[in-house]
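Report on one structure; see the data block that follows.
The values are calculated or read from the model by the stated rules, or taken from the named source; none is laboratory data. All figures in this text were calculated on a predicted structure; none of them were measured in a lab. For neighbour counting, all protein chains shown are included, and Cβ atoms are generated from backbone atoms with ideal geometry for every residue, glycine included. When the accessible area is computed, the model is the full protein with side chains, heavy atoms only, and any ligands, DNA or RNA have been set aside. Shrake-Rupley method; radii C 1.70, N 1.55, O 1.52, S 1.80 Å.
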Amino acid sequence: MQLNCKRRKLLYPEGTVTLNHSGFEILSRCNGSNTIEYIYQDLAVVYENVDKSNVDEFLTFASENQWITFDETEYRQVQIP
């Protein structure tokens, strides 16, 4: 999978997904080192009124569609495979 930063698209073998601004900002932080909590905190620094439940909901949706994976440690690091 590849995240195209110029066009805010996620490219994967089954197709292409055009991301809205929020989705792109969340996925761009899924680098294998960042935890869910870090992603939320980083977004909260940049944007006002970040709703953690919306971030969690998007990450769950992305995981269900196999756009991201979670490591199974207590830190729940997130990455694009």
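The set of residues in the range 17-27 that are open to solvent by less than 80 Å² (accessible area, probe 1.4 Å) and either in contact with an Asp or Glu (Cβ under 8 Å, 6 or more places away or on another chain) or not charged (D, E, K, R) (or both) comprises Val17, Leu19, Ser22, Gly23, Phe24, Ile26, Leu27. Can you tell me which residues in the range 11-40 are more than 14 Å from Thr69 (Cβ to Cβ) and in a strand (DSSP E or B)? Of everything in the range 11-40, those that are more than 14 Å from Thr69 (Cβ to Cβ) and in a strand (DSSP E or B) turn out to be Leu11, Gly15, Thr16, Val17, Thr18. Can you find, within the range 28-64, the residue that is surrounded by the fewest Cβ atoms within 10 Å (Cβ to Cβ) among those that are without any contact (Cβ under 8 Å) to a residue 24 or more places away in the chain and under 21 Å from Glu14 (Cα atoms)? Of everything passing the filter in the range 28-64, Glu64 is surrounded by the fewest Cβ atoms within 10 Å (Cβ to Cβ). Scan the range 1-10 for residues that are assigned to a strand (DSSP E or B) and either among the aromatic types (Phe, Trp, Tyr) or open to solvent by 30 Å² or more (accessible area, probe 1.4 Å) (or both) and the total you get is 4.
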